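Written below as structure tokens is the structure these notes are about.
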Amino acid sequence: MLTPSRAIEVRPQMTVPIQTQAVRPEMVLTTPADFDPPLRSCRLCGSVDVRPYDVDYRGVNISRCQRCRVKFMNPQYTDVYLECVYARYNDPAQDQTMTIPAGRAPLMPAKREGNFDAIEEFVRVGRFLSIGSGSGDELRTAMSRGWSVEGFDVDPVTTEALSRRLGVPVYSGDLTTVNLPTAAYDCVYMDQVLEHPKEPAPYLRLSHRVLKPKGILYIGVPNIESLAAMWKTFLGRRNLKPLRGRHYDSWHHLFYYSPGTLRDILSDYFDFEVLRVEGDPFPKAHEAALGRVANKLRRRFAFLDSSFRIIARPRPKAANR
């Protein structure tokens, strides 16, 4: 995908077809027809105490649940609009910096290995399910470490091609209708996934159901309460920042989590025991001593990094509330 030399001026009531327009996706304009009716309750905890929180430069409204504290786009995109977005995710003809920032792609293999290092601190290598398997990089990494892998993603064309290429099951469609066995997986892996679905709760319920009693749920998501994100929110809500709210990435992110919010959601509403919450920094291209120290701080103090990760397991039955 070609990148324009200048940003498009945002004008309301104008639609640019997302499949064909040669602009970065966050600059694609929307109309009311691209949105569902507003949500009246939280899709994670069910509370009806949902209040306006912010609005971004594209006119997308952000709400906040007053009970579980999660933030989310409200109203959300239609299924048709989202299908157009996700069909482009793994298209090699498109500009992949729309999902992986420029300069970070070479660091992704080391980051994935680090994710598995963390997982394998808590569980032995076994059966692995990647939700949001995309182009299959996580599946390849897992296979190289001895895991028996399966994947899921929404786009049937991508998943069918990936399944043939790797020779492993890769499912598509509606995750809740996929026939996955109960208590069968040692790890369910969702890295940069849970911010995308319109209904994240079924993803968490299914993860709980398919994990073995000592299996591990790995979640990595953007941190909406990192220092950088909070500073951008502060400036934007006071009209002191151009492209207000761009850090929400509302062209494809629908839910916005903080470490404390997601930890409590997993524990209070989905019967998970949270084992670790930490920042999720990218490894440095050159691991000098100062870089290693900086990343250790970002891991320990999650508010210092733009992403975080959580490792959890199903709460033991005797401890279920």
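The values are calculated or read from the model by the stated rules, or taken from the named source; none is laboratory data. Please read all numbers here as calculations on a predicted model, not as lab measurements. Cβ sites come from the backbone with ideal geometry, for glycine too, and all protein chains shown count toward neighbours.
Per-residue answers, yes or no, for (1) assigned to a helix (DSSP H, G or I); (2) at positive phi; (3) in contact with a Lys or Arg (Cβ under 9 Å, 6 or more places away or on another chain):
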| site | (1), (2), (3) |
| --- | --- |
| Glu113 | yes, no, yes |
| Ala118 | yes, no, yes |
| Glu121 | no, no, yes |
| Arg124 | no, no, no |
| Val157 | yes, no, no |
| Leu162 | yes, no, no |
| Arg165 | yes, no, no |
| Asn179 | no, no, no |
**Request:** Check Gly245, Gly260, Gly215, Gly236 and return the single one that is within 21 Å of Ser63 (Cβ to Cβ), small (Gly, Ala, Ser) and more than 18 Å from the chain's Cα centre (by Cα).
**Result:** Gly236
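Table: residues versus (1) farther than 15 Å from Arg127 by Cβ; (2) surrounded by 21 or more Cβ atoms within 10 Å (Cβ to Cβ); (3) β-branched (Val, Ile, Thr).
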residue	(1), (2), (3)
Arg165	yes, no, no
Leu175	yes, no, no
Thr182	no, no, yes
Gln192	yes, no, no
Pro200	yes, yes, no
Ile216	no, yes, yes
Tyr248	yes, yes, no
His252	yes, no, no
**Request:** Take the residues in the range 116-152 that are hydroxyl-bearing (Ser, Thr, Tyr) and out of contact with any Gly (no Cβ under 8 Å at 6 or more places or on another chain), then tell me which one is surrounded by the fewest Cβ atoms within 10 Å (Cβ to Cβ).
**Result:** Ser144
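Are any residues in the range 300-315 more than 23 Å from His253 (Cα to Cα), of a type in the set (Lys, Arg) and not in a loop (DSSP other than H, G, I, E, B), and if so, which ones?
We begin by selecting, within the range 300-315, every residue more than 23 Å from His253 (Cα to Cα); these are 300-301, 313-315.
Those left that are additionally of a type in the set (Lys, Arg): 300, 313, 315.
Arg300, Arg313 - these are the residues of the range 300-315 that are more than 23 Å from His253 (Cα to Cα), of a type in the set (Lys, Arg) and not in a loop (DSSP other than H, G, I, E, B).
To keep it simple, each residue is scored yes or no on (1) in contact with a strand residue (DSSP E or B) (Cβ under 7 Å, 6 or more places away or on another chain); (2) modelled with pLDDT of 95 or more.
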residue: Asp117; (1), (2): no, yes
residue: Val123; (1), (2): yes, yes
residue: Ser133; (1), (2): yes, no
residue: Ala142; (1), (2): yes, yes
residue: Val149; (1), (2): yes, yes
residue: Cys187; (1), (2): yes, yes
**Message:** Any residue at all in the range 227-242 that's closer than 29 Å to Val154 by Cβ and touching a Pro at 6+ places or on another chain (Cβ under 6 Å)?
**Reply:** no
**Message:** out of contact with any Ser or Thr (no Cβ under 6 Å at 6 or more places or on another chain), crowded, with 17+ Cβ neighbours inside 10 Å, modelled with pLDDT of 85 or more and assigned to a loop (DSSP other than H, G, I, E, B): which single residue out of Arg43, Arg64, Arg69, Arg88 fits that description?
**Reply:** Arg43
**Request:** Tell me which residues, restricted to the range 46-61, are of a type in the set (D, E, K, R), assigned to a loop (DSSP other than H, G, I, E, B) and under 24 Å from Leu243 (Cα atoms).
**Result:** Asp56, Arg58
**Message:** Restricting to the range 46-59, name every residue that is modelled with pLDDT under 95, crowded, with 17+ Cβ neighbours inside 10 Å and more than 19 Å from Met230 (Cβ to Cβ).
**Reply:** Arg58
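Every residue, every condition in (1) within 15 Å of the chain's Cα centre (by Cα); (2) closer than 25 Å to Pro259 by Cα; (3) not aliphatic (A, V, I, L, M), yes or no:
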position: Pro109; (1), (2), (3): no, yes, yes
position: Glu120; (1), (2), (3): no, yes, yes
position: Leu129; (1), (2), (3): no, yes, no
position: Glu160; (1), (2), (3): no, no, yes
position: Ser163; (1), (2), (3): no, no, yes
position: Leu206; (1), (2), (3): no, yes, no
**Request:** Please go through the range 126-155 and pick out each residue that is small (Gly, Ala, Ser), assigned to a helix (DSSP H, G or I) and in contact (Cβ under 8 Å) with a residue 12 or more places away in the chain.
**Result:** Ala142
**Request:** Would you mind finding the one in Thr78, Thr30 that is buried (at least 19 other Cβ atoms within 10 Å of the Cβ) and farther than 22 Å from Gln192 by Cβ?
**Result:** Thr30
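Quick check: is even one residue across the range 269-290 under 16 Å from the mean Cα position of the chain (by Cα), part of a helix (DSSP H, G or I), of a type in the set (Val, Ile, Thr) and closer than 27 Å to Val188 by Cβ?
For the range 269-290, residues under 16 Å from the mean Cα position of the chain (by Cα), part of a helix (DSSP H, G or I), of a type in the set (Val, Ile, Thr) and closer than 27 Å to Val188 by Cβ: absent.
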**Fill in**
When Leu243 is run through (1) crowded, with 17+ Cβ neighbours inside 10 Å; (2) touching a Phe, Trp or Tyr at 6+ places or on another chain (Cβ under 7 Å); (3) over 26 Å from Asp117 (Cβ atoms), the failure sits at (1)
